[in-house]
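Accompanying notes for the structure given below.
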Ligand code: MRU
């Protein structure tokens with residue numbers, strides 16, 4: 001896949017783009033161990049639910065490939081992998097993709113242990129399974145993009161055929177929050193993947209992205225991706241969403257809000273970047289569709305509702321300080337001059353939840369790689385049809 005890549009992987013080598021340096025610098029870190037991956041995830045040099053799972057599981061694959069395990073038995077190799085996976089799970093708590101990937105990999109390694117002749121077979125089985133997670137994520141995102149773009153069209157222009165849409169030029173404007181693009185995944189993206197596909201199909205009028213305070217994933221990452229892809233787009237501060245939704249010009253009439261997910265509970269309640277819930281409430285008031293784009297790896301059938309989702313709290317400095325590079329008097333940017341600036345009284349108490357939960361009642365559809373899921377007659381989301389094997 002061409003274009004932006006958060007992760008570059010070949011057998012034995014894992015390069016991870018340092019997203020803390022974006023949009024000013026484009027540097028990859030060479031990750032060789034589980035410990036380095038843990039730190040990269042915890043410090044948010046890589047972020048986004050699918051990308052976190054990919055980096056954690058591939059880092060262990062690289063470690064298994066490069067380190068010396070002579071003398072290891074099938075059992076000791078299985079125990080090593082299980083211990084490392086349990087450790088990696090603690091890197092960030094809210095996104096469930098990593099937990100789901102770990103359960104899958106543990107199962108594969110346990111199954112392999114029943115017939116493996118040696119520890120090298122266990123390692124190879126693990127490495128191949130982790131590599132498959134990377135490959136599958138891209139296929140998944142392309143499918144989400146396609147299903148999401150088609151679903152939105154059917155909803156917004158119900159009587160139009162694809163041919164009619166192409167010819168009469170009816171297009172839609174959307175808003176997205178946080179970052180869900182190529183940088184948050186293996187490529188293409190989930191919510192931003194739908195926007196990318198809408199654009200490719202010539203169905204997109206305009207994309208708006210929020211700044212996504214406090215950590216600015218929208219302005220630092222999504223804005224960067226939109227500009228990189230030449231998608232017609234505008235950045236707004238989070239607090240401007242309501243005023244934008246009240247607009248009624250061709251470009252600014254928002255047809256849908258499309259967001260990603262860190263964890264979707266069994267009833268459809270969705271944990272995503274802080275500010276998502278606020279947008280969903282505003283969408284309801286303005287009669288705007290609210291769409292969640294989530295691979296099935298972000299769906300957590302073990303968690304009954306949003307009340308049971310653990311929300312990560314982050315350091316107060318994310319609100320009281322900001323980092324960047326120097327803008328000279330003439331407007332040019334000096335990337336070599338990095339600065340960290342205090343933007344608030346430093347002793348003020350800060351409440352900084354990284355995510356919020358949007359109740360399922362406020363969500364119109366959840367777009368997965370297996371198609372869209374809409375609310376059942378009971379009012380909740382029923383994932384049984386798309387995930388019968390995990391139900
Ligand atoms: O704290 P972050 O930057 O990891 O949060 C990212 C988000 O909330 C994304 O919207 C979500 O993970 C979906 S990624 C496709």
Quiz item: Only one of (1) without any contact (Cβ under 8 Å) to a residue 60 or more places away in the chain; (2) closer than 28 Å to residue 351 by Cα; (3) more than 16 Å from the ligand (Cβ to nearest atom); (4) crowded, with 18+ Cβ neighbours inside 10 Å fails for residue 240. Which number is that?
Solution: (4)
Quiz prompt | Output for region 64-93, where each listed residue is part of a loop (DSSP other than H, G, I, E, B) and in contact (Cβ under 8 Å) with a residue 40 or more places away in the chain | solution = 69, 72, 73, 90, 91, 92, 93
Quiz item: If only one of 294, 280, 265 is within 13 Å of the ligand (Cβ to nearest atom), within 20 Å of residue 380 (Cα to Cα), touching a strand residue (DSSP E or B) at 6+ places or on another chain (Cβ under 8 Å) and touching a residue at least 40 places away in the same chain (Cβ under 8 Å), which one is it?
Solution: 294
Exercise. For region 39-63, name all the residues that are surrounded by fewer than 21 Cβ atoms within 10 Å (Cβ to Cβ) and in a helix (DSSP H, G or I).
Key: 39, 42
Self-check item: Residue under evaluation residue 358, criteria (1) more than 22 Å from residue 310 (Cβ to Cβ); (2) within 16 Å of the ligand (Cβ to nearest atom), criterion not met
Solution: (1)
Exercise. Could you pull out the residue among 304, 271 that is under 20 Å from residue 98 (Cα atoms) and within 12 Å of the ligand (Cβ to nearest atom)?
Key: 271
Exercise. Looking at (1) touching a strand residue (DSSP E or B) at 6+ places or on another chain (Cβ under 9 Å); (2) under 30 Å from residue 194 (Cβ atoms); (3) modelled with pLDDT of 95 or more, find the lone condition where residue 351 falls short.
Key: (2)
Quiz item: In region 170-214, which residues are away from the ligand (no atom under 11 Å from the Cβ), part of a loop (DSSP other than H, G, I, E, B) and farther than 18 Å from residue 3 by Cβ?
Solution: 170, 171, 202, 203, 211, 213
Practice problem: Answer with yes or no whether residue 253 is in contact with a strand residue (DSSP E or B) (Cβ under 8 Å, 6 or more places away or on another chain) and within 15 Å of the ligand (Cβ to nearest atom). | Solution: no
Quiz item: Name the pairs whose Cβ atoms lie under 9 Å apart, with the first residue in region 31-55 and within 10 Å of residue 14 (Cβ to Cβ), the second assigned to a helix (DSSP H, G or I) and near the ligand (Cβ under 9 Å from one of its atoms), and 6 or more positions between them or separate chains?
Solution: 54/97; 55/41
Self-check item: Number of the condition not met by residue 169 [criteria: (1) closer than 12 Å to residue 198 by Cβ; (2) modelled with pLDDT under 95]
Solution: (1)
Self-check item: Criterion (within 15 Å of residue 131 (Cβ to Cβ) and within 13 Å of the ligand (Cβ to nearest atom)) met by exactly one of 96, 46, 55
Solution: 55
Self-check item: helices (runs of 4 or more DSSP H) fully within region 215-314 counting 1 or more residues that are under 19 Å from the mean Cα position of the chain (by Cα)
Solution: 223-228, 276-286
Quiz item: Restricting to region 1-17, what's the tally of residues that are touching a residue at least 24 places away in the same chain (Cβ under 8 Å), within 25 Å of residue 193 (Cβ to Cβ) and either surrounded by fewer than 18 Cβ atoms within 10 Å (Cβ to Cβ) or within 14 Å of the ligand (Cβ to nearest atom) (or both)?
Solution: 8
Exercise. Specify which of the listed residues (349, 334) is more than 16 Å from the ligand (Cβ to nearest atom) and in a loop (DSSP other than H, G, I, E, B).
Key: 349
Self-check item: Leading residue by the ranking (surrounded by the most Cβ atoms within 10 Å (Cβ to Cβ)) among those in region 352-364 that are in contact with a helix residue (DSSP H, G or I) (Cβ under 6 Å, 6 or more places away or on another chain) and assigned to a strand (DSSP E or B)
Solution: 358
Practice problem: Out of the residues in region 308-337 that are in contact with a strand residue (DSSP E or B) (Cβ under 8 Å, 6 or more places away or on another chain) and under 30 Å from residue 386 (Cα atoms), state the one that is surrounded by the most Cβ atoms within 10 Å (Cβ to Cβ). | Solution: 309
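The values are calculated or read from the model by the stated rules, or taken from the named source; none is laboratory data. Just so we're clear, the structure is a prediction, and the values are computed from it rather than from any experiment. Every residue, glycine as well, gets a Cβ built from its backbone with ideal geometry; the counts of neighbours run over all protein chains shown.
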